[in-house]
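Peer 1: Here it is: the structure, laid out below.
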Amino acid sequence: MKAGLKVLLFALALPIAFVFGFGWKDISAGEWDFTDSLRDWVSGNHREMPTPTEIFTEHLANIRDQYRSELDRMDLRNAAMAGLFTSLGDPHTQFLNPQMAASFADETRGELVGVGARLSPDPFGALVVEVFRDGPAERNGLQPNDTITAVDGENVSGDDITSIVDRIRGEPGTSVRLRVLREESDEPLELTIERGRVQVPTATFRPVSGTDFAMISISGFAESTPFQFDQALEEALRTNPRGLIIDVRTNPGGLLESAVAMLSRFVSNRPVVSMQMRGERRQTVSTPTTRELASNLPVVVLINEQSASASEIFAGVLRDYNRATLVGETTYGKASVQTVLPLVDAASAKITIARYYLPNGEDISRRVDPDGVYLSGGVAPDVEVTSNFGDNLLSGDPEQDAQLAEAVRLLESRVVTLR
Amino acid sequence: MTRVQRNFLATAGVLAVVFTVIAGNTARQVVEAGQGVASTGRTGLSGMLASTEPGGLISEAEYFYQLSQMLRREYVDPVVVDASFAAGAVRGMVGSLQDPYSLFMDAEHFGAFRQRLEGVYDGIGVEIGTDLPMAEWGQPVEESEGAMQSLDRVPDVVITFVAPGSSAERAGLQVGDLIRGVGDRVLMTRADVEAVEALRAQAAAGEVSARELNAQRQEIVERLNRLTTFSAVRRELMTGTEGAVALVFERDGTERQIQLNRGRTEIGPLQPSDLRGAYRPRFAQGVADAIRDLNGNAITLDLRAQGDADYALILEVVAALGFSGEVGAVQNERGSSPRPLMAQGRGQEREVTLLVGPETRGAYLVLAKLLRDRPGISLVGALPDRNAPWVEIFELPDGSGYTLNLGDVVRGEVTS
């Protein structure tokens, strides 16, 4: 090589080496765009810009010292940290102040028992969505669609659903008195129910009245759910249905393994979900190779805004493999795992550390603006049908359930071909 | 060249490249230190070594720093800790004050706010506010028979200014119109809340059948699903110059819906009032000069208004009317000494008539309070017996900002 060329190459190598060194941190993490930092260096911006901590401290002092009245220091700090966490736009990544951290921990404990009913929030108390078979509530006359307005003589209208459930739960063997409004009766009813251990059924078969379709309602994805689901599926197939409706409305999710096991009845030996943890490559989970129990049956899955997590994966996978049509409302958008990290003063930081993705790679995570208003997320239905509040979601009767009625209509018209 | 020399050059060359790579990396660390991004092992307090800081301040800063780094390390997606994190924390703090005069605005809103203080109105050309005085913000309604829950007072959102020449003016919107909904979203009203409370009480007492309850319940939940926030309404109506917006408003008890285009309107700081010969000032750039430029020995200022204001300009207006010295002070509830409000009079003395009334609020109320009973000033109308907070504006490096209520204005005894 001529000497001149060598010098030229060397002269070029230096700036390239510099830029390479500058961007090494990003390059090694797989990110190639570090031009912002480069621009800052060239312009000398970094010398003038305050750090985020400096900005925060300046305005904390400003507000604390100049606001018209004295502010509680801890409240102000907690408000600041809560605000800090909301800048990510992820509703599941939250700062929990000490009070919130304590009640969050409480939710996961609890050996109290209930009466065997599923309740949902209602402006006037609690709405009974489901009464478990053979449970104390069923034995004592509680019915789906009842509205509970008082517990042990105390009005619960307007109370938070968690506090109503807390009141109803108690020691096994003790009783609770419920005041209940029922559509057919003009006077409220007073029911006394003895609390006892209840087996929460998570997958139940119901025929759909007036049709030859079968419906399986899945209320959660517990360890026993795949077994219950298989039983329900066999029960359903014995009635020779022309179509299958799977209801995961108001199903908050649960174990992903259970959802995967249940998916294998429809799609076997296929990738069904991939998981992404911080800094790692996505890992894929596939269904095992098993007998697909219901391979020839057209399927509709019912979803609503309270279908979350494993329910969304379940519905989304069946849709992506063209094994089911989705009817109802867009799901919640919770396909992530959080960890709760304790902080020095009994506060906690709840942080999303992993996300789940559907087979087609779609990220269904819910995103909100700083006011908490929904921006995007969830699995969208193929056919959107809103529920009229007060629809009896578990009646199995299309006349009482608009979303179920649409599922029946679709199956009848065979718009759903082997899908 | 000898072989030794060639080897030497080659080694030097390789070393040069290696050192350049290191230099690049070091430069990056320097930049990131400036951005507050820590490399491992730094505590991050080196920017705050000022020993005059009271001990308590450092723990908040440390907390913020540690939490930011925790998010950066643990969050599932890559996170850059930058000025927007600080803005989020400030937003949280200002929001916790629950004070109608202390409002955080993100960069988009704050930019529009600053523009309005220069007379430039984007969106449909309005300012909106809430009608609930600060003292009533968050007060419970009286407990009625059977109601078990007390409620926070829900403010009404009201138009407080219509910019002349804007699409809002052309559509006939007026100050005092109540905003009930934007697009397909609705704002919760006090009447909504009171109706729900009444129905809850009846349900608890068993006075209403489940059938009727169901019908009401459907209506309520349907509305709840369409709720929007004050902040979102501000964005729809007061930012952007493109597109159209559907607005539902209430006037004299009737609801109406209209469609308006967004655009940009520019107005001066002194507008003719609907009363002939009177002017309404806006506390925006240039207002003091505009007042000085008014002809005649007698002027009338119409202060029956409220709206966005740069409060420092209030003092310039006082000065433009010829007054000097400590014209007032800001008193706070923390027990520290009041902060003086100074004017440097550079105007001629004139007969000034101020029109006031129940609509006089905010900066207009402050101006009226500072001027009353001074030589040459006469008030027409009754000045509301209400506190007049002093509000200052603060900006953050990412373009967001907030207003802060510093206390109430009291008039000072002063030189003319």
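Peer 1: Counting alpha carbon pairs within less than 8 Å and at least 6 residues apart, what relative contact order, in whole percent, applies to region B:308-377?
Peer 2: It rounds to 33 percent for region B:308-377.
Peer 1: Let me ask something else. Give me a single rounded figure for B:213-225: the average over its residues of other chain Cβ atoms within 10 Å of their Cβ.
Peer 2: Other-chain Cβ atoms within 10 Å of each residue's Cβ, averaged: 4.
Peer 1: Subtracting the Cα-Cα distance from 0.36 nm times the residue separation, let me have the gained length for B:Asn7 to B:Arg372 in nm, one decimal.
Peer 2: Between B:Asn7 and B:Arg372, full extension yields an extra 122.4 nm.
Peer 1: Can you list residues from other chains, or at least 5 along the same chain, whose modelled amide H is less than 5 Å from the amide H of A:Val272?
Peer 2: HN-HN under 5 Å from A:Val272: A:Val285, A:Ser286, A:Thr287.
Peer 1: Suppose all protein chains stay in the model; what accessible area per residue would a 1.4 Å probe give for region B:299-364, in Å²?
Peer 2: For region B:299-364, the solvent-accessible area averages 40 Å² per residue.
Peer 1: Taking R0 as 41 Å, what's the FRET efficiency between A:Arg197 and A:Asp65 from their Cβ-Cβ distance, rounded to 0.05?
Peer 2: Taking R0 as 41 Å, the efficiency between A:Arg197 and A:Asp65 is 0.10.
Peer 1: Applying the Karplus parametrisation 6.51 cos²θ - 1.76 cosθ + 1.60 with θ = phi - 60° to the phi angles of region B:6-16, what ³J(HN,Hα) value in whole Hz is obtained for each residue in order, glycine and proline being reported as x?
Peer 2: Each residue of region B:6-16 in turn: 5, 4, 4, 4, 4, 4, 4, x, 4, 4, 4 Hz.
Peer 1: Going by amide H atoms built from the backbone, whose H comes under 5 Å of the H on B:Gly328, apart from near neighbours?
Peer 2: So B:Gly328 has HN proximity to B:Leu341, B:Gly412.
Peer 1: For A:Arg367, what residues show an amide H to amide H distance below 5 Å, using hydrogens built from the backbone and excluding near sequence neighbours?
Peer 2: A:Leu375, A:Ser376, A:Gly377
Peer 1: Provide the FRET efficiency to the nearest 0.05 for the A:Thr284-A:Gln231 pair, computing r from the beta carbons and using R0 = 30 Å.
Peer 2: 0.55
Peer 1: What does the structure give for B:7-14 when I average, per residue, the other chain Cβ atoms found within 10 Å of the residue Cβ?
Peer 2: 1
Peer 1: Relative to the longest principal Cα axis of chain A, at what angle does helix A:310-320 sit, 0 to 90 degrees, rounded to 10?
Peer 2: That helix lies at roughly 80 degrees to the long axis.
Peer 1: Note the full-extension length gain between A:His92 and A:Gln306 as 0.36 nm times their separation in residues minus their Cα-Cα distance, in nm to one decimal.
Peer 2: Extra length available between A:His92 and A:Gln306 comes to 75.5 nm.
Peer 1: Of all trypsin sites (Lys or Arg not before Pro) in region B:231-303, which ones are in loop regions per DSSP and have a Cβ with at most 11 other Cβ atoms within 10 Å?
Peer 2: Answer by residue number: B:Arg276.
Peer 1: How well do other chains shield peptide B:93-101, expressed as the mean number of their Cβ atoms within 10 Å of each residue Cβ?
Peer 2: Shielding by partners across B:93-101 averages 6.
Peer 1: Next up: Using a simple spin-label model with points 7 Å from Cα along the Cα→Cβ vector, what separation in nm is obtained for B:Gln344 and A:Asp363?
Peer 2: Modelled inter-label distance: 5.4 nm.
Peer 1: May I pose another question? List, in order, the whole-Hz ³J(HN,Hα) value for each residue of region B:67-72 obtained from phi through the Karplus relation with A = 6.51, B = -1.76, C = 1.60 and θ = phi - 60°; use x for Gly and Pro.
Peer 2: Those phi angles translate into 5, 4, 5, 4, 4, 4 Hz.
Peer 1: If you don't mind, there's one more thing I want to ask. Leaving out ligands and nucleic acids, note down the accessible area per residue over chain A with a 1.4 angstrom probe, in whole Å².
Peer 2: In whole numbers, chain A has 46 Å² accessible per residue.
Peer 1: Considering only protein heavy atoms and a probe of 1.4 Å, how much of the accessible area of region A:205-245 is carbon and sulfur, as a whole percent?
Peer 2: The nonpolar share, carbon plus sulfur, comes to 50 percent.
Peer 1: Counting only protein heavy atoms and a 1.4 Å probe, tell me what percentage of region A:338-388's accessible area is made up of carbon and sulfur.
Peer 2: Of the solvent-accessible surface of region A:338-388, carbon and sulfur hold 50 percent.
Peer 1: If you roll a 1.4 angstrom probe over the protein chains with everything in place, what fraction of the accessible area of region B:346-406 belongs to carbon and sulfur, to the nearest %?
Peer 2: Summing carbon and sulfur atoms, their accessible area is 44 percent of the total for region B:346-406.
Peer 1: Name the residues of region A:256-299 whose accessible area, probed at 1.4 Å, falls by at least 50 Å² once all protein chains are in place instead of their chain on its own?
Peer 2: A:Arg278
Peer 1: Sticking with this structure for a sec: With n ≥ 4 as the cut-off for DSSP H runs, can you work out [θ] at 222 nm for the protein assembly as shown, using -39500 (n - 2.57) per run divided by the number of residues, rounded to the nearest 500?
Peer 2: Helix contribution divided over all residues of the protein assembly as shown: -10500 deg cm²/dmol.
Peer 1: Now for a separate question. Provide the buried accessible surface between chains A and B in square angstrom, both chains summed, 1.4 Å probe, rounded to the nearest 100.
Peer 2: Summing both sides, the interface buries roughly 8200 Å².
Peer 1: So what J values fall out for region B:165-180 if you push phi through Karplus, 6.51 cos²θ - 1.76 cosθ + 1.60 with θ = phi - 60°, rounded to Hz, Gly and Pro as x?
Peer 2: Those phi angles translate into x, 8, 5, 5, 5, 4, 7, x, 5, 10, 4, x, 5, 9, 7, 10 Hz.
Peer 1: I need the peptides A:181-188, A:218-225, B:349-356, A:248-255 ranked by packing, meaning the mean over residues of other C-beta atoms within 10 angstrom, with the highest value on top.
Peer 2: Sorting A:181-188, A:218-225, B:349-356, A:248-255 by mean packing, highest first, produces A:248-255, A:218-225, B:349-356, A:181-188.
Peer 1: Between A:Ser163 and A:Val383, what's the calculated FRET efficiency when r is the beta-carbon distance and R0 is 60 Å? Round to 0.05.
Peer 2: 0.95
The values are calculated or read from the model by the stated rules, or taken from the named source; none is laboratory data. Owing to the predicted nature of the structure, the values given are computational and were not obtained by experimental measurement. Counting neighbours? That spans all protein chains shown, and the Cβs are built from the backbone with ideal geometry, glycine included. With ligands, DNA and RNA removed, areas are computed over all heavy atoms of the protein, side chains included. Shrake-Rupley method; radii C 1.70, N 1.55, O 1.52, S 1.80 Å.
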